[in-house]
Amino acid sequence: MGTVNLELSPARRKARRRRARRRYLTVLLFMSPWIIGFLWLYVYPMFASLYFSFTKYDGLLGSPRWTGLTNYRFMFTHDPLFWQSLRNTIWIVIVGVPLTILLGVGTAYVLTKPRRGRSFYRLAFFVPTMVPAVAASIAFLFLLNPSGPIDTALRFFHIPRPLWFQDPQWSKPGLVLLGLWGVGSTMIIFLAALLNVPSHLYEAADIEGANAWQKFRHITLPMISPVIFFSAVIGVIYGFQYFTEAYVIAQGAGGGTGPGSGSSLGYPLGSTLFYTIWLYQQGFESFHLGYASAMAWVLFVIVMACTLVLIKSSNRWVYYQGGFR
Amino acid sequence: MGLLPGGVPVSGATVSAPIVRTRRRSAEARRKDLLSSVATHSVAIGLSAMFLLPLVFVVLTSLMTQHQSLTSDLIPHPIQWSNYRDIFNEQPMLLYGKNTVIYSVLATVGVVLSSVPVAYALGVIEWRGQRAAFLLVIATMMLPTQVTVVPLYLIFVKLHWIDSLKPLIIPAFFGDAFSIFLLRQFFRTIPGELVDAARVDGANELQIMWHVVVKTAKPAIVAVALFQFLYCWNDFFLPLLYTVNNPRIWTLSVGLQQFTGAHRGVLWNLQMAASVLFMLPVIILFLLAQKAFIEGITLTGVKG
Amino acid sequence: MKRWSAMLVSLGLLAAACSSGGGGSAGSGVTPAQCTAGGLTVASGSVSPGPSGEAPVTLNIWSFYTGREFKQYCSVLQDFHAKYPWISIQHTGAKTDQDIVRAVNSGTAPDMMISAGPDNVAKFCSSGAYKDLNQYLKADGIDLSTIVPEPASRYTSYNGVQCTLPVLSDAYGLYYNTAMFKKAGITEPPKTLSQLETDAKKLTVFNPDGSIKVAGWMPLQGFYESTALYNGNWTGGKWYDDAGKSAFASDPSWAALLQWQKDFITNVYGTDGYTKLEQFFAKLGGPNSEWSTAQGFETGQLAMALDGEWRNAFISDDKADIKYATAPFPVADGQPDLYGSGQIGGDVIGIPSNAKNADAAWLLLKYLALDTQAEVKLATILKNVPTTFESLKDPTLNSDPHFKVFMQIFGNPHSSFKQITPIGDTDSNLWGSFVGKWEAGQVPDLNAGLQGLATQIDQQSQLG
């Protein structure tokens, strides 16, 4: 920062302060879009929805009526679908996130090996990520339908064929398959991480006669653990907000609109009723806006709790080289 | 087998041999190399097939007659190219495409325009509280959309923005946390001397931002734009919520999903054709800009 | 994939799309699943003013119709436009009740909505989402009870507020494949649920591997319209007691019905009958196949079906290759008086409270619901049952023996729609979920389950 003159004349000090003020003004100016957005897109709605969660509010036909903890009490004691949606959501997070990380590491590992054709393989693994979620869901609705290609393939190999999205036991595994199809973006991050592991570590291990598994367990894993941690946190945060695929597939498999039939969200038998889907139904189909707001805050608390647990536990298993964070 | 960059396998056998490198590898080592190469490529090909087959089936089915698409046949016979024309009569694909393009392009412009200055302030200008502010920006990424969605919906109703694309486009002009994060990380890799030199020359922050940082950070800005475009193209939940009552303003995501629900008596062949048309632009965009995409993703995950 | 070939492919597809005139025949951005009566020859907005100087008006109406039925509805709207040439209509299909609630709440409601059923009428009437039509009826001097049968005006109003009018109704009855009946030696359609079971057993055919080839009758509540049986019309079930509380536990006919269903599945399809039925349903194409040419009864894979009167129209339009007949659906063994009745209830039309062109919309609503000519035409082309006294007498409609059965079912005094309440279709949804769980064997104690369900439904009113 240059030499520091310990003796600052008043003029110098005033100039310093003026410069600092100008700097803060510039910062304010540059950050103004985000600051304004933060206030009207985050701060106000957060407080408003917290307020709504203690009211009964059905949109524009009426104004919010304070009901205290009624919404929360109803949620925990009188709403079995709240619990079912929560169970489904936890299931998909616990199953989906680790599988995604595993497959991401695995496919990245495969990509580090070949000398030729690597860019083709990388392309092949990554292109599905580019497919929009709605298109991918519709594609899988077709692929996994009881007379679709997967069914034909399974029949060819004489493997028992589940009914996938028509069977409550198999609808979530079908969704997991759909999610794993898009593992490409996770894979790329792991690929970069794997390639960043310093080679001298492996060479040293080779000299000591380590086998492949030992090298993986004691060198590779710790070195990529920050990326695993990052993927886990992102996976949990977005996993709890799982919506699009479940919505498209439930509507598609359940027949969507029909005479006198409500939406088929959660089809079949509520197995695809995830937390955000139930929230959407309560908030924007039945217009229980107060109840939906309460559900949103409960979701927030749960996600924060899980993230904190992950962060706390990261001290134990995440290894940062060089001490940077 | 080692993981040296470049993928040269190092077997245990050669390490215990004399340190002096022999020019010719033993026949045994060469055979081992060949086997491992075959194994690697087999696995890679197998995985590639699993990832690509769904797309292959989608394309094949998009060329089937409706009757055949309901059967378990895999190959279309006859090949009905007219599906790609008929889908435009079944659904206003061009209208949905236009809406999607409008949304994606405008939102991308908004995000880039608003996120660059914010990232600059958080990454280049030194000020007290910079780190705290940055953490706050990141924290907004952790907030579930559901927490803000009900009041936001009501705001947009009062503004009469519902059933237009405004609720999707206008918030993009107020910065996007993910883009700010990406850009800020990149800006910080710009050598401080460049910025300091410009400051010494008397340039104000705006000039520095434009002439020094933006020019150097073009790849990152392109990556941010690509990501935002892709995100908008794929977006479903918010477009569904804000525009579902007005079919004239549906994006491709919403239009296609409504088509799936409304078309009782599933028209698989046309649906697959519509899906292909929907995914084609972004896949092509990706193929043309592969490097930018992949570099961008790497930027997020690796630089903690 | 090389970049060049990618670009060439995309350019090629773009060229193909542009040159084949995409965008719909009208070309003015008319989206399919929309038709404009009065907009096909005269663009909406440039319609001529009315004879008494009425200003041109474009009505924006929604309905649940899709496909063939949607297109046919448009022809009736054309008739209206001919009568009222200053009113053109833009009609959007595939709209659900959730859509209209959302639209009313966000201030973007259309001028008129045609709902597929009366489930949410009480909600619309009591929340003020729809206008009370009594004001219009009184202004025009119309006495509804002389035009519309009483059960129909009952399911279109709530607590004295007539917020919708019935337009066409459905009636549910039995369809049976006469060729299969002949082959199995059955001379008469079943009249009781026990006979239904006996006949179904005779008519069911299994494949060599044990899976179902032809199902005698599909008892799963999620299958096509079999749901209707679980609404209680043929077993005398009451949804709510006189105090307005859910009667699923207190009315014993519900438990009896569910037990009957379990026995039916075991007797006709075996101990793993539920699994076989699920696989059979999936093989047919799942819920989506109901409206396609792959429909199970039309393709001869169902011997008997509980379905609505509209199935006649679908069978003839799809040119299904079956010989069939219709009859009232069998009733519970202990309720012979109910035979000949069935579930009824149909489309309801209302005007949202914040509709922009409410007065013009009333003219259209009146035409569709109360004009005999319109009712008969709608009933004829959509093969639904008309809902005015005059139209029920129409000789042409009564000439089709298949269809006449449903007209009679509609006229039977025991026929009804389930009791409607402001929680709308929430009770149907919860009941449907419960029956689904019961079928899957996930309800160990039936009575406790029914009690829990009744409590849950009562609690839903708290949330409103």
Return a yes/no flag: does region C:337-358 have any residue that is out of contact with any His (no Cβ under 7 Å at 6 or more places or on another chain), free of Cβ contacts under 8 Å to residues at least 40 places away in the same chain and either under 25 Å from residue C:86 (Cβ atoms) or not hydroxyl-bearing (Ser, Thr, Tyr) (or both).
no
Would you check if residue A:220 is more than 25 Å from residue B:254 (Cα to Cα) and among the hydroxyl-bearing types (Ser, Thr, Tyr)?
yes
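Which one of C:353, C:341 is touching a Gly at 6+ places or on another chain (Cβ under 8 Å), hydroxyl-bearing (Ser, Thr, Tyr) and either within 12 Å of another protein chain (Cβ to nearest Cβ) or crowded, with 20+ Cβ neighbours inside 10 Å (or both)?
Of the residues listed, the single one that is touching a Gly at 6+ places or on another chain (Cβ under 8 Å), hydroxyl-bearing (Ser, Thr, Tyr) and either within 12 Å of another protein chain (Cβ to nearest Cβ) or crowded, with 20+ Cβ neighbours inside 10 Å (or both) is C:353.
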Need pairs with beta-carbon distance below 7 Å; first residue at pLDDT 90 or above and within region C:122-134, second of a type in the set (Gly, Ala, Ser) and assigned to a helix (DSSP H, G or I); sequence gap 6+ or separate chains.
C:131/C:358
Name the helices (runs of 4 or more DSSP H) wholly within region C:331-450 that hold at least 2 residues that are at pLDDT below 90 and not hydroxyl-bearing (Ser, Thr, Tyr)?
C:372-382, C:389-392, C:395-399, C:401-411, C:426-439
With the condition being among the basic types (Lys, Arg) and farther than 15 Å from residue C:370 by Cβ, I'd like the helices (runs of 4 or more DSSP H) fully within region C:132-220 carrying at least 1 qualifying residues.
C:150-154, C:178-184, C:193-203
When region A:43-87 is examined, which residues are found to be farther than 15 Å from residue A:293 by Cβ and at the interface with chain B (Cβ under 8 Å from one of its Cβ atoms)?
A:60
Can you find even one residue in region A:163-182 that is facing chain B (nearest Cβ under 7 Å) and either in a helix (DSSP H, G or I) or under 23 Å from residue A:311 (Cβ atoms) (or both)?
yes
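Okay, residues lined up against (1) under 22 Å from residue B:243 (Cα atoms); (2) out of contact with any helix residue (DSSP H, G or I) (no Cβ under 6 Å at 6 or more places or on another chain); (3) surrounded by fewer than 22 Cβ atoms within 10 Å (Cβ to Cβ); (4) within 13 Å of chain A (Cβ to nearest Cβ):
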| residue | (1), (2), (3), (4) |
| --- | --- |
| B:160 | yes, yes, yes, yes |
| B:168 | yes, no, no, yes |
| B:175 | no, no, no, yes |
| B:180 | no, no, no, yes |
| B:186 | no, no, no, no |
| B:225 | no, no, yes, no |
Taking the residues in region A:88-131 that are of a type in the set (Phe, Trp, Tyr) and at the interface with chain B (Cβ under 9 Å from one of its Cβ atoms) as candidates, determine which candidate is farthest from residue A:243 (Cα to Cα).
A:120
Of the residues in region A:212-225 that are within 8 Å of chain B (Cβ to nearest Cβ) and either in contact (Cβ under 8 Å) with a residue 24 or more places away in the chain or in contact with a helix residue (DSSP H, G or I) (Cβ under 9 Å, 6 or more places away or on another chain) (or both), the one that is nearest to residue A:98 (Cα to Cα) is A:220
Filtered residue count, region C:91-150, keeping only those that are aromatic (Phe, Trp, Tyr) and surrounded by fewer than 21 Cβ atoms within 10 Å (Cβ to Cβ)
1
Checking residue C:315 against (1) assigned to a loop (DSSP other than H, G, I, E, B); (2) out of contact with any Ser or Thr (no Cβ under 6 Å at 6 or more places or on another chain); (3) not aromatic (Phe, Trp, Tyr), which test does it fail?
(1)
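Yes or no: residue B:132 within 10 Å of another protein chain (Cβ to nearest Cβ) and not hydroxyl-bearing (Ser, Thr, Tyr)?
Here the answer is no, as residue B:132 does not meet what is asked.
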Subset of region C:221-242 [part of a helix (DSSP H, G or I) and buried (at least 20 other Cβ atoms within 10 Å of the Cβ)]:
C:227, C:228, C:229, C:230, C:231
When (1) part of a helix (DSSP H, G or I); (2) surrounded by fewer than 22 Cβ atoms within 10 Å (Cβ to Cβ); (3) more than 8 Å from every other protein chain (Cβ to nearest Cβ) are applied to residue B:190, the one that fails is (1)
Evaluation of residue C:23 against (1) modelled with pLDDT under 70; (2) assigned to a helix (DSSP H, G or I) (one fails), failing number:
(2)
Can you tell me which condition residue A:57 does not meet? The list is (1) touching a residue at least 24 places away in the same chain (Cβ under 8 Å); (2) surrounded by fewer than 21 Cβ atoms within 10 Å (Cβ to Cβ), and all the others hold.
(2)
Taking residue A:201, is it in a helix (DSSP H, G or I), under 30 Å from residue C:277 (Cα atoms) and more than 9 Å from every other protein chain (Cβ to nearest Cβ)?
no
Can you tell me which condition residue A:23 does not meet? The list is (1) surrounded by 19 or more Cβ atoms within 10 Å (Cβ to Cβ); (2) within 11 Å of chain B (Cβ to nearest Cβ), and all the others hold.
(1)
Within region C:101-131, restricting to residues that are assigned to a helix (DSSP H, G or I) and under 20 Å from residue C:343 (Cα atoms), the one that is farthest from the other protein chains (Cβ to nearest Cβ) is C:122
Can you name the condition, by its number, that residue A:209 falls short on among (1) surrounded by fewer than 17 Cβ atoms within 10 Å (Cβ to Cβ); (2) under 23 Å from residue B:47 (Cα atoms); (3) at the interface with chain B (Cβ under 8 Å from one of its Cβ atoms)?
(2)
Region B:54-69, residues that are at the interface with chain A (Cβ under 8 Å from one of its Cβ atoms) and either out of contact with any Ser or Thr (no Cβ under 7 Å at 6 or more places or on another chain) or surrounded by fewer than 19 Cβ atoms within 10 Å (Cβ to Cβ) (or both):
B:54, B:55, B:57
Give me the pairs: first residue in region B:218-230 and farther than 11 Å from residue B:291 by Cβ, second residue acidic (Asp, Glu), beta-carbon distance under 8 Å, and six or more apart or on different chains, which are they?
B:228/B:176
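Is one or more of the residues making up region B:273-283 facing chain C (nearest Cβ under 10 Å), without any contact (Cβ under 8 Å) to a residue 40 or more places away in the chain and not in a helix (DSSP H, G or I)?
no
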For the structure I just gave you, tell me whether residue A:30 is away from chain B (no Cβ under 13 Å) and over 26 Å from residue C:104 (Cβ atoms).
no
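The values are calculated or read from the model by the stated rules, or taken from the named source; none is laboratory data. Model, not experiment: these values are computed from the prediction. Don't worry about glycine lacking a Cβ; one is built from the backbone with ideal geometry, like all the others, and counts go over all protein chains shown.
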